[in-house]
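Accompanying notes for the structure given below.
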Amino acid sequence: MSFPNVTDIVATTIQNRSGIVADNVTKNNALLTWMKARGNQKFFSGGNTIFQELSYAENPNATWYSGMDTLPVGVADVISSSEWQIKQAACPVVISGLEQIQNSGKERIIDLLEARISVAESTMANIVATSLYSNGTGFGGKEIGGLKLLVPDNPATGIAGGIDRATWNFWRSKIYQATTTGGAAATADNIVKYLNVLYAQLVRGSDNPDLILMDNNYWSLYLQSLQNNQRFATAESAKYGFNTVKYMSADIVLDGGIGGTMDASTAYMLNTKYLFFRTYRGRNFTTLDPTKRYSVNQDAEAQILAWAGNMTASGLQFQGKLINT
């Protein structure tokens, strides 16, 4: 006889693990980890879309003056917002009636669920990590708009967050093309030179890139370029669980490896201060209501692990990309 409260066990087990799932999704991706460390993994409570506030101009009232000079007090419209669609992801955890019978007893059901939830957990982590590099067109435009949307190969075209880059220069990221601009594809001898040129375009005073994501090829070239000039990761970055090396004050992370989804010969030079992972508060890798979902024509029940939100930005001019073309 199957355990009578199996549905409650499924729901409770997933709910108890939801925080773990969310944490593991973050730890699975360097970009999410750095955004979380900056406090940029932010929640929203509802609405048709996600608004991300941004500053696109300086206050024109700032001036030098002497004595009783009249000061300008005109209204300065310098704050706006980008607008992002809410994207949804889900992974059902299903258990059939036969499996309930075969796994009679509370302990056996929990063992089965732990295995199923573990798979759902890693699957959700993988699809989120993959979409963070996407242009948002996958799954019929239903996935997160990732780095290919925010930091494209052609920064002067396309719309991100409702803002047309062809019209607004402040919304354009930077691109350095090794072959076209530098004269040759990246090698161990020139990759630092290329990074230097790109870095200089992304610095504003003390505001500079803090994270560089590299595929296997660029990571290998950069390590070769260091030779005896070792660059050690800081204790702060080491505790995140990623192997890093330093470039200026930025951490360089290999985000390729097994199952990596970055394009070959690509490096993203990012200022994560202006990047956000926005999550709907009620769907942070938790089960959908109602928790008890039964098939109409099958002997099975499911609990759906779900997330909703999007990746957003407030400053694309501070983001850059190095490619080989």
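Computed values, structure above
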| read-out | value |
| --- | --- |
| Cut-off under 5 Å, modelled amide H: who pairs with Ile86 long-range | Ile50 |
| Out-of-range pairs (alpha-carbon distance over 21 Å; input Lys42/Lys246; Lys87/Lys174; Lys42/Lys273; Lys42/Lys174; Lys42/Lys87) | Lys42/Lys246; Lys87/Lys174; Lys42/Lys174 |
| Three-way shape call for region 108-209 based on the alpha-carbon gyration tensor, with the a/c threshold at 1.5 | prolate |
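Each value in this text was obtained by applying a stated rule to the coordinates, not by laboratory testing. Just so it is clear, the structure is predicted and the values come from calculations on it, not from any experiment.
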